[in-house]
Amino acid sequence: MKRPVEILATGLGHPEGPDLLPDGRIVMVETYTSRIIAWSAERGIHLYADCGGGPNACRLGSDGAVYITQNGGTVGAWRADRMVPPSIQKAWPDGRVEIVATEVDGIPLQAPNDLAFGPDGRLYFTDPADYLPDDPRPGRVFALEPDGTGTLLAELPDAYPNGIVCEADGTVVFVESYARQVLRLPAGAAPVMIHQLPAGHVPDGFKVDERGNFWITTFSSHGVDVVAPDGSPLDFLETGGVPLNCVFDGEDLIVTNYGDVEGVPDAAPMDGWLQRIPVGVRGLAMFRGAIG
């Protein structure tokens, strides 16, 4: 699928995990500056909050705060100027940042990556270790209850659980980057693989459309793979660059893109883009919740 691509912003340092604010602005993390940033047509890119470390993704909560997966301050060999504990954080509209959790179910967090609220009010998130395909470590999927307690839902040996969503009925689906898999996590059961992406299509973030299809940014493919709920491949959307995550805005897909960068260099390239692509499909309405 080829669609016209509008570039909303450039010069971004590893933009990830976008969402929409109540006033229509696009909010996202900028990992290499340790910040949460926002974009609007009127103001362009501007600061939302400084959270330190290495924010990986964000999601608006029902309390008006933006919840953040915080890896502590790493991307490959890059280290943040101000390291913070791997955690779930939340940032308020006035710029205040709080730590919500540094461990769940007695397990210290490694490098939280992506997050999604479910219809039950829980916050689901993935927690891989560093991205080390040649030396893989265990990865985990957790759930945080509204009161701040939590549960380990799955532990996967030698795995990198990455993007995560909740389907309309609340079922959790996540992608695993090393094996290029899409996995459904039934309540109280082990993950079930529903699709394996082609070679060269390494999954990162994704969202669900109104028909239940998954729109998966595959960062080595220069585009977005579209997969049906039953795992059947449907389409491929060309974005260029290295797409990292996405969110629906009406019938457009908003994509955070690393830019024309090969691999993960030691330096922190500020070459990323924010893209808007008309796709003629609406996203599944986002679930919202609050922790603490």
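The values are calculated or read from the model by the stated rules, or taken from the named source; none is laboratory data. Since the structure is predicted, the reported quantities are computational estimates derived from the model, not experimental observations. Backbone-built Cβ (ideal geometry, glycine too); neighbour counts: all protein chains shown.
Only one of the numbered conditions (1) without any contact (Cβ under 8 Å) to a residue 60 or more places away in the chain; (2) farther than 26 Å from Glu262 by Cβ is violated by Val175, and that is (2). Consider Val5 carefully, then state whether it is out of contact with any helix residue (DSSP H, G or I) (no Cβ under 8 Å at 6 or more places or on another chain), within 21 Å of Gly240 (Cβ to Cβ) and at pLDDT 95 or above. Spelling it out, Val5 is indeed out of contact with any helix residue (DSSP H, G or I) (no Cβ under 8 Å at 6 or more places or on another chain), within 21 Å of Gly240 (Cβ to Cβ) and at pLDDT 95 or above. Only one entry of Ala49, Ala41 meets the criterion of being crowded, with 18+ Cβ neighbours inside 10 Å and either over 25 Å from Ile291 (Cβ atoms) or free of Cβ contacts under 8 Å to residues at least 60 places away in the same chain (or both), and that entry is Ala49. Within the range 169-215, if we keep just the residues that are of a type in the set (A, V, I, L, M) and touching a Phe, Trp or Tyr at 6+ places or on another chain (Cβ under 8 Å), the residue that is farthest from Arg137 (Cα to Cα) turns out to be Val208. Listed by first and then second residue, the pairs with beta-carbon distance under 6 Å, at least 6 apart or on different chains, first residue in the range 197-221 and more than 17 Å from Gly241 (Cα to Cα), second among the small types (Gly, Ala, Ser) and surrounded by fewer than 24 Cβ atoms within 10 Å (Cβ to Cβ), are Lys207/Gly283; Asp209/Gly283; Asn213/Ala228.
Considering the range 88-116, and only residues there that are under 19 Å from Asp147 (Cβ atoms) and of a type in the set (S, T, N, Q), the residue that is farthest from the chain's Cα centre (by Cα) turns out to be Thr102. Pairs are defined by a Cβ separation below 6 Å, a sequence spacing of at least 6 or placement on different chains, a first member in the range 267-279 that is at negative phi, and a second member that is in a loop (DSSP other than H, G, I, E, B) and of a type in the set (Gly, Ala, Ser); the pairs so defined are Ala268/Gly13; Met270/Gly13; Asp271/Gly259; Gly272/Gly259; Trp273/Gly259. Here Ala57 fulfils each of the conditions (1) assigned to a loop (DSSP other than H, G, I, E, B); (2) of a type in the set (Gly, Ala, Ser); (3) in contact with an Asp or Glu (Cβ under 6 Å, 6 or more places away or on another chain) apart from (1).
Of all residues in the range 1-29, exactly one satisfies the criterion of being buried (at least 24 other Cβ atoms within 10 Å of the Cβ) and of a type in the set (Gly, Ala, Ser), namely Gly17. Scan the range 76-93 for residues that are of a type outside the set (Phe, Trp, Tyr), part of a strand (DSSP E or B) and surrounded by fewer than 21 Cβ atoms within 10 Å (Cβ to Cβ) and jot them down. If the condition is that a residue be of a type outside the set (Phe, Trp, Tyr), part of a strand (DSSP E or B) and surrounded by fewer than 21 Cβ atoms within 10 Å (Cβ to Cβ), then Arg79 is the only one that fits. Residues in the range 94-128 that are surrounded by 23 or more Cβ atoms within 10 Å (Cβ to Cβ) and of a type in the set (S, T, N, Q): Asn113, Thr126. Residues being under 11 Å from Tyr178 (Cα atoms) and not charged (D, E, K, R) are represented in the range 148-160 by at least one member.
Filtered by the rule that a residue be in contact with a strand residue (DSSP E or B) (Cβ under 7 Å, 6 or more places away or on another chain) and not in a strand (DSSP E or B), the range 60-75 gives Gly61, Ala65, Asn71, Gly73. On the stretch given as the range 3-30, residues that are under 13 Å from the mean Cα position of the chain (by Cα), of a type in the set (A, V, I, L, M, F, W, C) and within 22 Å of Trp78 (Cβ to Cβ) total 2. Within the range 172-187, can you find the residues that are at pLDDT 95 or above and more than 17 Å from the chain's Cα centre (by Cα)? Scanning the range 172-187 gives Ala179, Leu185.
Residue count for the range 199-221, restricted to those that are within 17 Å of Pro15 (Cα to Cα), out of contact with any strand residue (DSSP E or B) (no Cβ under 6 Å at 6 or more places or on another chain) and modelled with pLDDT of 95 or more: 0.
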